[in-house]
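The values are calculated or read from the model by the stated rules, or taken from the named source; none is laboratory data. All values reported here derive from a predicted model rather than from experimental measurement. Neighbour counts are summed over all protein chains in view; Cβ atoms, including those assigned to glycine, are modelled from backbone coordinates with ideal geometry. To get the accessible areas, we keep the full protein, side chains included, count just its heavy atoms, and leave off ligands, DNA and RNA. Shrake-Rupley method; radii C 1.70, N 1.55, O 1.52, S 1.80 Å.
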Amino acid sequence: MKKTNVRWTVVTLIFFATTVNYIDRQVIGLLKPYIQDDLGWTEADYGYIVTAFQVAYGIGMLVCGRMLDRLGSKLGYSIAIIVWSLGAMLHAAVRSVTGFGAARAVLGLGEAGNFPAAVKVIAEWFPKRDRAYATGLFNSGTTIGAIIAPIIVTAITLEWGWRWAFIITGLLGFIWVVAWWLIYKSPEKNPKVNAAELAYIREQPENPESPENPVNPDNPDNPEYQESSVPWRELFRHRQTYAILFSRFVTDWVWWFFLFWTPDFLNKTHGVDLKATVLPLIIIYTMSSIGGIYGGHVSSQFIKMGRSIDFARKTTILLFALLVLPLNAVPYIHNIWIVVFIIGLATSTHQAWASNIFTIVSDVYPKQVVGSMTGISSVGGAVGGALASSFVGLILEWTGSYATIFMIASTMYILAWLILKTFVPIRQIEFLKSE
């Protein structure tokens, strides 16, 4: 079978969308010391602003997942990015804690659409055996965005001020939407995808027109798709839904903590200013990017060795969860480069975890509900992030120390692995089609 490069073009597009997503959300964390001095925020105020983002992100996950399943990937993805880009730019127009909270809420509502849309696109374009690797590739955009953000935000802020950092980074999303509409077509509508390639994507024999091999209806462009949609209540009849949601609840906040508080931690504990923060953050997020790609690769290699999907996903998660345990020692280490390495190892672990948990959703649930289930599971992460953001702000306000936060964060991935190991058999759930 001759394979085209179209699938990898699709991965490239959603990689760039994810990169822009993380540039926009990281700006406030990088500028926290500047804005805090300018507007007089307390630590608790900052925690509440981050919480506003998380709450809106959780609400957006519920809305965006269903929107994507109904409107399809092309239109749904575009709407999400337009909303979050407007929210990013809105930060430049506000001055109060309430105003920043509102701007973060708009940003969160839009950004909630990125991962449900990206996972849905991967499920539509890749067979199961390739999804973890493809997911790792697009998810590495989170870390590339986190690497690029300190460079461009620092340059813009030092040249024109912090408000322009929000405006210019916000414009990137609109550029992406134009490219998305010019380039993207679904597999069934893309003239560069032949019958053999489509059969490969659908994991069907290479004679897709034979009576024994009807066209797979589980894509939003097929007229039978709406008839096979699954109500949300059906998802909540399965323990896998609760377990995946709770595993996101206990782990996602750790990544948000790295994203929104690492520059502040380095500034307050090691005296690193905005310029000097660039290199440590580049190292940390380069490591996390490697983890994202390698996490999917490890899982795929286990499958190629003949191990089950269940074994591959869960063993990979356990191996990487063990690597985050040294995070507990970070507050007591005075050498900044050792600190940077340990935090980088932990962020790498999270990205490896994310590559596999996103893929588990597409392993367990049929394609027509992947967007909805990714959104629902992400609500668990958003709720955990919202609670943790206020918690982190209050702990820092009360104690002035990061020790308790790092101690808790270091154990979360082992807990998540135990939840998945106990409650999530990784095999696809069969749903009755709604009439």
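Worth pointing out:
- Ranking of Arg129, Arg95, Arg427, Arg25 by solvent-accessible surface, largest first: Arg427, Arg95, Arg129, Arg25 (1.4 Å probe, protein heavy atoms only, all chains present).
- Three-way shape call for the stretch 6-77 based on the alpha-carbon gyration tensor, with the a/c threshold at 1.5: oblate
- Computing FRET efficiency as 1/(1 + (r/R0)^6) for Ser308 and Arg95, where r is the C-beta to C-beta distance and R0 is 51 Å, gives about 0.40.
- Calculated FRET efficiency for the pair Thr9/Asp273, C-beta based, R₀ 41 Å, to 0.05: 0.55
- Distance from the Cα centroid of the stretch 336-350 to that of the stretch 378-424 is 17 Å (rounded to whole angstrom).
- If the segment from Asn335 to Leu75 were pulled out straight at 0.36 nm per residue, it would be longer than the present Cα-Cα gap by 88.8 nm.
- Length-normalised contact order for the chain - Cα pairs under 8 Å, 6+ apart - percent: 27
- The gain in end-to-end length when the Val63 to Ala196 segment is fully stretched comes to 44.3 nm, 0.36 nm per residue minus the alpha carbon separation.
- Gaussian network model of the chain, springs between alpha carbon atoms under 10 Å - residue of Ser85, Ser372, Ser401 with greatest fluctuation: Ser401
- Debye log10 I(q)/I(0) for the chain, one point scatterer per Cα, at q = 0.08 Å⁻¹: -0.42
- Gyration tensor (alpha-carbon) shape descriptor, the stretch 140-183, a/c threshold 1.5: oblate
- With 21 Å as the limit, the listed pairs Lys74/Lys192; Lys74/Lys304; Lys189/Lys304; Lys32/Lys268; Lys74/Lys314; Lys74/Lys189 have Lys74/Lys304; Lys189/Lys304; Lys74/Lys314 beyond it between alpha carbons.
- Over the chain: helical MRE at 222 nm, DSSP H runs n ≥ 4 each giving -39500 (n - 2.57), nearest 500: -26000 deg cm²/dmol
- Cα gyration tensor, the stretch 365-435 - rounded (a/c under 1.5), prolate or oblate: oblate
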